[in-house]
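Note sheet for the following structure.
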């Protein structure tokens with residue numbers, strides 16, 4: 001499905017480091033688990049550049065109820081999630097709800113990741129309606 005490989009993604013996230021994370025994820029981030037805290041950004045980049053047409057973002061509350069996790073589903077309902085390895089327990093995908101990203105275009109953090117992955121041609125990504133709050 002994707003030209004973005006897990007190894008390349010992890011390397012790019014290591015380069016980003018904890019600097020681009022929300023405060024609550026910074027102390028949990030490690031080079032061994034570089035996806036920690038980056039599920040939104042990775043889902044956003046995959047959606048805009050790589051996911052099949054008709055894919056949708058989803059969000060799910062994790063087991064503790066205090067944290068959410070973002071992922072994609074393709075039009076056939078298959079999960080696209082390159083960041084599940086940040087958790088020790090399985091992601092409860094069956095409880096995920098379809099949603100929208102917070103911005104129509106790629107976020108600033110998403111642009112940083114896209115640049116590190118060599119996906120710098122902004123004309124190739126799709127716009128998406130904003131989330132309704």
Candidate set: the range 48-63, residues that are under 20 Å from residue 25 (Cβ atoms) and free of Cβ contacts under 8 Å to residues at least 40 places away in the same chain; chosen: the one surrounded by the most Cβ atoms within 10 Å (Cβ to Cβ): 60
Restricting attention to the range 86-118, the residues that are out of contact with any strand residue (DSSP E or B) (no Cβ under 7 Å at 6 or more places or on another chain), under 25 Å from residue 32 (Cβ atoms) and surrounded by 11 or more Cβ atoms within 10 Å (Cβ to Cβ) number exactly 10
Residues (surrounded by 13 or more Cβ atoms within 10 Å (Cβ to Cβ), over 16 Å from residue 37 (Cα atoms) and out of contact with any strand residue (DSSP E or B) (no Cβ under 8 Å at 6 or more places or on another chain)) located in the range 1-12: 4, 8
Search result, residues across the range 13-47 that are crowded, with 22+ Cβ neighbours inside 10 Å, more than 12 Å from residue 81 (Cα to Cα) and in contact (Cβ under 8 Å) with a residue 60 or more places away in the chain: 13
Taking the range 64-85, which residues are more than 24 Å from residue 4 (Cα to Cα) and either in contact (Cβ under 8 Å) with a residue 12 or more places away in the chain or surrounded by fewer than 14 Cβ atoms within 10 Å (Cβ to Cβ) (or both)? 64, 65, 66
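Just so you know, all these numbers are worked out from the coordinates, no wet-lab data involved. As the structure is a computational prediction, the values presented were derived from the model and not from experiment. Every residue, glycine as well, gets a Cβ built from its backbone with ideal geometry; the counts of neighbours run over all protein chains shown.
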